[in-house]
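Structure first, commentary second.
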Amino acid sequence: MNCRYVQAHLSAYIDMELTGIEQQRIRVHLENCMECSAEYDTLRQVKHLIRHLPTMRPLRGEEVILQRIQKYRAVPRAPRRTLFHTRWWRYAWGAAAIALVIWLTPRDENNPPQPVQSDALVTPLTSSYPKRSFSFPLFRRSETNPIMTPPSVPGHTPVILTSPDPFAPLPPNPAIMPVVENKWGTTGTLQPLFDLQPR
Amino acid sequence: MVYTAAAKSMEDEIQREFDELVRRYYRQAYNLAYRLTGNAADAEDLVQDAFLRAYRFFDRYDRSMPFMNWFSRIMVNLYIDEYRRRGRLKTISLDEPQQTEEGEEGTTLDIPDPGPTSLEIALDKVYVDAIHEGLQHLPPDFRTAVLLADIQGHSYEEIAEMMGTSIGTVRSRIHRGRKQLRDYLLKRYPELFERGDLK
């Protein structure tokens with residue numbers, strides 16, 4: 001808390017527009033610093049003087065204003081334009097419409113669409129774009145995603161590839177373990193370690 | 001345009017409400033305008049224009065906030081617009097002697113309101129004129145911020161909203177404005193800062 005900081009914040013201090021801690025710090029500083037204290041006194045005096053300037057009385061009463069308002073009111077005028085009638089909004093609507101047309105136009109970089117003669121106003125403007133540098137993530141009207149929909153060939157049923165179930169029991173392989181049949185079943189089955197019934 | 005009776009009566013009610021507000025706040029508004037513009041004629045014009053504009057946009061007035069806050073904002077904006085439209089700042093050197101102030105000010109200065117403010121403090125007319133002069137020497141943005149804080153007693157936040165700036169800007173304007181006014185007064189009337197009874 002140096003003098004420069006304090007002196008820069010003296011007006012805010014006088015108006016009590018600082019945080020509590022700042023107010024307190026500056027107060028402590030003012031108690032110990034003669035120079036800042038003198039500066040504070042003069043600024044506070046300035047505020048005091050302005051606040052105690054005499055209230056000026058107008059030469060004429062408020063009737064003049066009331067008459068002007070009456071006169072204003074007597075003149076018939078169209079209702080004030082609302083938000084959607086102002087000129088700015090009209091331009092915004094127009095811009096939005098043009099943007100929508102560009103957006104919905106299908107993009108084909110190999111065969112750029114040619115101007116259509118029948119709609120000379122809108123189509124040349126939008127279709128003369130050779131290529132757009134931006135791409136919207138939302139849908140387009142007449143394009144389908146080739147990844148999600150594979151081409152269908154007549155007479156061919158697509159093979160549905162499924163991954164094997166990792167928890168399914170493996171079929172017995174006689175090359176690894178020969179299948180031996182005994183009275184409890186085959187070697188693939190679980191066999192007791194001892195006989196439950198004495199032979 | 002077709003008015004129904006209900007709409008007509010509602011409009012009359014709004015009109016009556018606004019007239020009441022004009023009567024109640026006219027003096028206060030005039031006082032602020034006088035200190036802003038520096039003379040009675042401009043102050044009267046400013047107040048009239050501001051009230052007319054307030055009437056035109058009265059449907060946008062939020063009844064939950066004080067009328068004077070909303071109205072001050074309109075008036076301050078009008079004043080600053082007017083100042084910028086004129087395109088010139090009345091720059092008078094602080095050092096050069098003021099030769100024309102007596103001739104002009106003598107005719108335009110109004111009678112101070114003999115209210116309680118002039119009873120509780122006995123500021124000499126010389127000093128009142130000096131402070132008024134000093135205020136007029138401030139840049140208009142500084143003067144506006146200082147007056148809103150000291151005469152109207154608005155917080156920095158309210159002033160920032162009225163003037164369309166940040167709180168930091170308001171703080172800086174008030175501080176610099178007060179310092180400039182202090183220097184102006186200190187050069188001419190150093191006794192203003194010696195009298196103990198004003199503090």
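The values are calculated or read from the model by the stated rules, or taken from the named source; none is laboratory data. For clarity, every value in this text was computed on a predicted model and none was experimentally measured. When we count neighbours, we look across all protein chains shown, and the Cβ atoms used for this are built from the backbone with ideal geometry, even at glycine. Note: accessible area is taken over every heavy atom of the protein model, side chains too, but ligands, DNA and RNA are not part of it. Shrake-Rupley method; radii C 1.70, N 1.55, O 1.52, S 1.80 Å.
What does the C-alpha gyration tensor say about the overall shape of the range B:122-164? Classify as rounded when a/c is under 1.5, otherwise prolate if a/b is larger than b/c, or oblate.
It comes out oblate by the Cα gyration axes.
Using 19 Å as the cut-off for backbone N distance, which residues of the range B:136-155 belong to the label zone defined by a point 7 Å from the Cα of residue B:183 along Cα→Cβ?
B:136-147
Considering only protein heavy atoms, what is the solvent-accessible area of residue A:165 at a probe of 1.4 Å, reported in Å² to the nearest 10?
That residue has around 100 Å² of solvent-accessible surface.
Rank these residues by their accessible area, most exposed first, probe 1.4 Å: A:33, A:3.
Ranked from most to least accessible, the order is A:3, A:33.
Assuming a ≥ b ≥ c are the square roots of the Cα gyration tensor eigenvalues, decide whether the range B:1-90 counts as rounded (a/c under 1.5), prolate (otherwise, with a/b larger than b/c) or oblate.
prolate
How much accessible area does residue B:148 have with a 1.4 Å probe, in Å² rounded to the nearest 10?
Its heavy atoms expose roughly 0 Å² to the probe.
Contour minus end-to-end for residue B:4 and residue B:124, with contour as 0.36 nm per residue of separation and end-to-end as the Cα-Cα distance?
37.4 nm
Using 1/(1 + (r/R0)^6) with R0 = 45 angstrom and r between the beta carbons of residue A:23 and residue A:100, what's the FRET efficiency to the nearest 0.05?
On the way: r = 56 Å, r/R0 = 1.25.
Rounded to the nearest 0.05, the efficiency is 0.20.
Find, among the chymotrypsin sites (Phe, Trp or Tyr not before Pro) in the range A:1-102, those assigned to loop by DSSP (not H, G, I, E, B) with at most 13 other beta-carbon atoms within 10 angstrom.
Qualifying residues, ordered by number: A:84.
So how far apart, in nm, are the two label points at residue A:31 and residue A:74 if each is 7 Å from Cα heading toward Cβ?
Calculated label separation equals 6.8 nm.
With a point put 7 Å past each Cα toward its Cβ, work out how far residue A:168 is from residue A:8 in nm, to one decimal.
Once both label points are built, they end up 7.7 nm from each other.
What does the structure give for B:161-171 when I average, per residue, the other chain Cβ atoms found within 10 Å of the residue Cβ?
Across the residues of B:161-171, the mean count of other-chain Cβ atoms within 10 Å is 1.
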